[in-house]
Amino acid sequence: MLLRDVAIDVHGDREGVDADELYYFLRQTPNHKVLGFAKMQLATYNLSGSDSTKWFNRWVRRLGQPPVIYDADLTEASVRQLRTALVNRGYMGAQVHADTVVHPGGRKVDVVYSIDTGTPHTIAAVDYDIADTALRSIVLADTAATKIHTGGPLDRNILDAERARITERLRNRGYYAFTKEYISFLADTVAGSHEVGLTLRMRPPHAAAVRGDSATAQRFRIASVTFLTDPEANPGTRLDTVRYRDVSVVYGPDRYLRPQVLEEKCYLTPGQPYSARAVDRTYEALAQLGILRFVNIEMRPAAEVDGEQWLDAVISVGRNRKQAVSVELDGTNSEGDLGAGVALTYQHRNLAHGSEMLTAKLRGSYESISGNLDGLINDRYTEIASEVGITFPKFEFPFLSRRFKQKVRASTEFAVSFNYQERPEYTRLIFGAGWKYKWQQRARDFQLRHNLDLIDVNVVSLPRSTLGFLDEIAPDNPLLRYSYEDHFIMRLGYTLYRTNRRIPTATVNAFAIQPYVSTLRVSGEVAGNLLYALSSIDGQKRSEGVYKIFGIQYAQYAKAELDYTYTRNFNSRNALSVHVGAGVAVPYGNSQMVPFEKRFYAGGANGVRGWGVRTLGPGAYDSRNSVSDFINQCGDIRLDMSVEYRAKLFWVFEGALFVDAGNIWTIRDYATQPGGVFRFDRFYKQIAAAYGVGLRMDFTYFLLRLDLGMKAHNPAEGQERWPLLHPRWGRDANFHFSVGYPF
């Protein structure tokens, strides 16, 4: 019989019991349903023929899922698993029964698991039985962080989490040999009562006690720290040992890292108690060194001194390849005009024996132009671009202490770039330079990433153009003129990224997937303030009424953005993701308008998907030609919201249903963007909405995405306001192809 459906019916005290979560304990579940009714994987499997020797049939079966045949033994195993799960939650008297419903014809069956949870056992009091006074003082000093609370459920998962917490605390205070098996709980119950007296006991396991192994109750200190830079050296290789501060570095023939670099990345200090956290931080810090291929930290027992236990820390590191070169080639054909391009990238991972990473990129492209060239200054498209950057694996800044650098664990990047462009109408030069820092922080439940752009400079110069070029393309459009006029941007920016995303682990009572994932991204930047302050000292403005540097007007603005995404994973095949984003950019001082490349746009694969990229807004702006109007479809304020349901289909295919809403607006009323200014009394009427479906291919390491968006509400003046009621394919549909999820 085909297992058609499975249901879990919970009765009794349901506090802390989630029926959806209990599905993870079932030993047999029916074939997966898309949108709750379509067994697409089973249907795919059934498309294969009966001859399993044919490759096509085997391939189709791999894409699908074979029918799930009802198994009474697995049903009984599910009953036992469910009851065990409930007992572990504190429901000692839980009862679980399985009922089967056979459909007419006798070929399909449903299974209903009826659960009566009963009354849960709760913790009335908590006591500690710890004979070792040193251990007892450490444990009791941090009871505020305990996961066990009076009145809470007798949940074995919580008890196990408390064992892990205490073990981590002790191992960070020198108790190297301590494991959570040394912690147990004694639950004292009284007949007729559901209250429990809980005692935490700390004793070595029976086998260790018989051996007289008492080392677990002793603190260990670090005796020495030694780095082996060539652990795979052949026997007889001449080695040399260098002492630097508190560490020793054993070199082979290649001294590829300076000893101070290794010492700065080490958080293990001789003479200090052993700390598991210090070991983890050392791993993370050494992983920043790109020249290292692997890192292994081994603790070796050292001689006992004055009754104290000591450990020798031996850190083995292996060298990666120092240099790498890559080449890319491409060709183009634009209506018979041929072009070609080549890109060369060189990388050195250990420039000055400190794992400094040098990256140099050079790209050139050329395309000939045929036809009438009267009035043009170039007969080709030519571009030469170069970029040179160096990354230091530490916080490089004058007068910073070693302690600060170890605490932040940042990398420092310096980069300069140059781009030379020849077009039929103009020749343009773009210069760039940057100084930025990147660092990460990890906690038990989340991780933080920080990006600080201390200085980011961008200069655009148009040394040559056709006569009247700007007057021809933009006689009265300041946005378009600004895109091609000389301009200078010097900005300071910061970005914070916070997420609780983790790699799932498979344990007995753990989810196969993370129940929910949330990410928050906040960024802000300011530009031109320092230059404006320096210019104000002089006090002499140019004839245009603005300050300039090197004869170029510089931009002055402030910009802030926020994006939040929450994804609820119902199970391994179904998820609901919600995204909210907002941003604002304000020009002031030396600027009347935010630079075009710093303004917001709407639509596209990661926006309101009923519109193409840069074809929505601002506000009620009426766009009729996406080619000529795109320059006007940008703004200073953005607001977007999306809801997306995702479901695994079969093989690598995944389906999605989504609803998007949002728009952009301008802060000031620009003549070239009528209807685009933000007004509190009408902005909500100008929020565009779209709906659609998506098909994705998840190859684990990357995801290809194809979305079809349809307009639902169009705020543009003079256009159909509610396409949802009067849909037209050519007018309202937009396809988007992209890599990765939209949020």
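The values are calculated or read from the model by the stated rules, or taken from the named source; none is laboratory data. All figures in this text were calculated on a predicted structure; none of them were measured in a lab. Positions of Cβ are generated from backbone atoms using ideal geometry, with glycine treated the same way; all protein chains shown enter the neighbour counts. Side chains are part of the model used for accessible areas, which takes the heavy atoms of the whole protein and leaves out ligands, DNA and RNA. Shrake-Rupley method; radii C 1.70, N 1.55, O 1.52, S 1.80 Å.
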Notebook entry, point to check: Name the pairs whose Cβ atoms lie under 6 Å apart, with the first residue in segment 389-407 and at pLDDT 85 or above, the second open to solvent by 50 Å² or more (accessible area, probe 1.4 Å) and of a type in the set (A, V, I, L, M, F, W, C), and 6 or more positions between them or separate chains?
Noted result: ILE390/PHE414; THR391/MET357
Next item on the list: Report yes if GLY252 is on the phi > 0 side of the Ramachandran plot and open to solvent by less than 40 Å² (accessible area, probe 1.4 Å), otherwise no.
Entry: no
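What are the residues in segment 317-356 that are in contact (Cβ under 8 Å) with a residue 60 or more places away in the chain, open to solvent by less than 70 Å² (accessible area, probe 1.4 Å) and not in a loop (DSSP other than H, G, I, E, B), if any?
Once the filter is applied, which keeps residues that are in contact (Cβ under 8 Å) with a residue 60 or more places away in the chain, open to solvent by less than 70 Å² (accessible area, probe 1.4 Å) and not in a loop (DSSP other than H, G, I, E, B), segment 317-356 yields VAL317, GLY318.
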Notebook entry, point to check: Of the conditions (1) surrounded by 14 or more Cβ atoms within 10 Å (Cβ to Cβ); (2) at pLDDT below 90, LEU228 fails just one. Which one is it?
Noted result: (2)
Checklist line | Test: residue in segment 42-60 that is in contact (Cβ under 8 Å) with a residue 40 or more places away in the chain, open to solvent by 50 Å² or more (accessible area, probe 1.4 Å) and either part of a strand (DSSP E or B) or in contact with a Phe, Trp or Tyr (Cβ under 7 Å, 6 or more places away or on another chain) (or both) | finding: no
Item checked: Qualifying position, being open to solvent by 40 Å² or more (accessible area, probe 1.4 Å) and either closer than 30 Å to ASN172 by Cα or in a strand (DSSP E or B) (or both), among VAL96, VAL111, VAL101 -> VAL101
Next item on the list: Starting from residues that are among the hydrophobic types (A, V, I, L, M, F, W, C), part of a loop (DSSP other than H, G, I, E, B) and open to solvent by less than 30 Å² (accessible area, probe 1.4 Å), keep the ones in segment 524-555 and report whichever is modelled with the lowest pLDDT.
Entry: VAL546
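Conditions tested, residue by residue: (1) over 26 Å from the mean Cα position of the chain (by Cα); (2) at negative phi; (3) open to solvent by 30 Å² or more (accessible area, probe 1.4 Å).
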| site | (1), (2), (3) |
| --- | --- |
| GLY676 | yes, yes, no |
| ASP698 | no, yes, yes |
| ALA712 | yes, yes, no |
| PRO727 | yes, yes, yes |
Note to self: Exactly one condition in (1) modelled with pLDDT of 80 or more; (2) surrounded by 13 or more Cβ atoms within 10 Å (Cβ to Cβ); (3) farther than 22 Å from LEU657 by Cβ; (4) more than 33 Å from the chain's Cα centre (by Cα) is false for ASP13; which is it?
What the structure shows: (1)
Next item on the list: Could you check LYS265 against (1) without any contact (Cβ under 8 Å) to a residue 24 or more places away in the chain; (2) in contact with a helix residue (DSSP H, G or I) (Cβ under 6 Å, 6 or more places away or on another chain); (3) crowded, with 19+ Cβ neighbours inside 10 Å and say which number it fails?
Entry: (1)
Check: Among (1) open to solvent by 50 Å² or more (accessible area, probe 1.4 Å); (2) assigned to a helix (DSSP H, G or I), where does VAL643 come up short?
Finding: (2)
Check: Out of the residues in segment 133-142 that are open to solvent by 60 Å² or more (accessible area, probe 1.4 Å) and outside any loop (DSSP other than H, G, I, E, B), which is farthest from THR117 (Cα to Cα)?
Finding: THR133
Next item on the list: Scan ALA207, ALA276 and give me the residue that is modelled with pLDDT of 90 or more and among the aliphatic types (A, V, I, L, M).
Entry: ALA276
Margin query: Just the residues that are among the aromatic types (Phe, Trp, Tyr), touching a residue at least 40 places away in the same chain (Cβ under 8 Å) and in a strand (DSSP E or B), please, taken from segment 227-262.
Written below: PHE227
Next item on the list: Evaluate segment 302-316: report whether one residue or more is in a strand (DSSP E or B) and of a type in the set (D, E, K, R).
Entry: yes
Next item on the list: List the number of the failed condition for TYR176; all other conditions in (1) over 21 Å from ALA187 (Cα atoms); (2) open to solvent by 50 Å² or more (accessible area, probe 1.4 Å); (3) outside any loop (DSSP other than H, G, I, E, B) hold.
Entry: (3)
